[in-house]
Amino acid sequence: MKPKAVAFDAYGTLFLIETDEQDEKLFEAFSRWLELNEVHVDPQKLATSYRAEFDKRLKREVSMGLRYPEADVRDVMEVILGSSARRRFVEEACLVFRALSIKKFGLRNGVEEVLGRLGRPLALISNAQAAFTWPELRTYGLHRLFDVIVLSSEVGFKKPDPLIFDVALARLGLLRERDKVVYVGDTYETDVVGAKRAGMKAILIGHASASYQIKPDAYLDPDKFGDLPDVIERLP
């Protein structure tokens, strides 16, 4: 197959990451950082407020008919810091929170080389917070390699909702040729199911399972990311 475009998930696919936003030590460290910036919030209250604000926004979107809503961490952080907080400080706080939550982070081996070899328009479609992901993309220079970047926090809904794939397809100018676009991801429930329901081809980084009712079009060995161009070429 010679696809018109190739789209990717971010985390677990291009980036290998491990975070823990449930760790109470995270909120203790974040509370100390806020104190250094003259914002005083008890760690326990900070954790409770953070989770409650996210839940409130997601429930509101569900009540409006969205099945897979997404909230923006910047809006949540703005409530915690107070309406008088400047946007720049809110974004800085988001970055500090993200850094404190990360246990492991890095780029999958071969990503830059593979993206450079594909020779066609590239899109990134990810369940991700813009406040976190844009800086991380820029750190590795990946933002320059994508023609289209769609992040769930910026559009208000997330995978597996076909809507987020449609946004990317529209920006690529391929809404009417969606079957000629390949999506690559590492999570069956969001990446494969979402892409296939959106009418795209799907490659799963992982191994086959009899439990998959919606089958990927191909599988990619997690340890052989460099084989991706060949896997794409072999698609029917």
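Structure values in brief
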quantity	calculated
Value of [θ]222 nm, deg cm²/dmol, for the chain, DSSP H segments ≥ 4, -39500 (n - 2.57) each, nearest 500	-13000 deg cm²/dmol
Helix axis angle, 162-172 relative to the chain longest principal axis, alpha carbon, degrees	70
0 to 90° range, to nearest 10: angle between helix 43-63 axis and the chain longest Cα axis	50
Reciprocal of mean inverse Cα separation for region 196-236 (Kirkwood radius, Å)	10.9
Centroid-to-centroid separation of region 54-73 and region 164-215 [C-alpha atoms, Å]	23
Percentage relative contact order, region 19-103, counting C-alpha pairs under 8 Å, at least six apart	37
Estimated distance in nm for a label pair at Lys104 and Ala208, the labels positioned 7 Å out from Cα along Cα-to-Cβ	2.8
Rg and Dmax of region 1-65, Cα atoms only, in Å	18.3, 57
Rg in Å to one decimal, and Dmax rounded to a whole Å, for the chain via C-alpha atoms	18.9, 59
Shape box of region 19-103 [Cα atoms, principal axes, largest first, Å]	41, 30, 20
Pairwise label distance in nanometres, Arg67 with Arg86, each label 7 Å out on the Cα-Cβ vector	4.4
Most to least packed among 89-102, 24-37, 152-165 [average Cβ atoms within 10 Å]	152-165, 89-102, 24-37
Tilt relative to the chain, helix 87-101 - C-alpha long axis, 0 to 90 degrees, to 10	70
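Every number in this text was worked out from the coordinates using simple rules, so none of it is lab data. Predicted model only: the values in this text are computed from it and were never measured. Cβ atoms come from the backbone with ideal geometry, glycine included; neighbour counts cover every protein chain shown.
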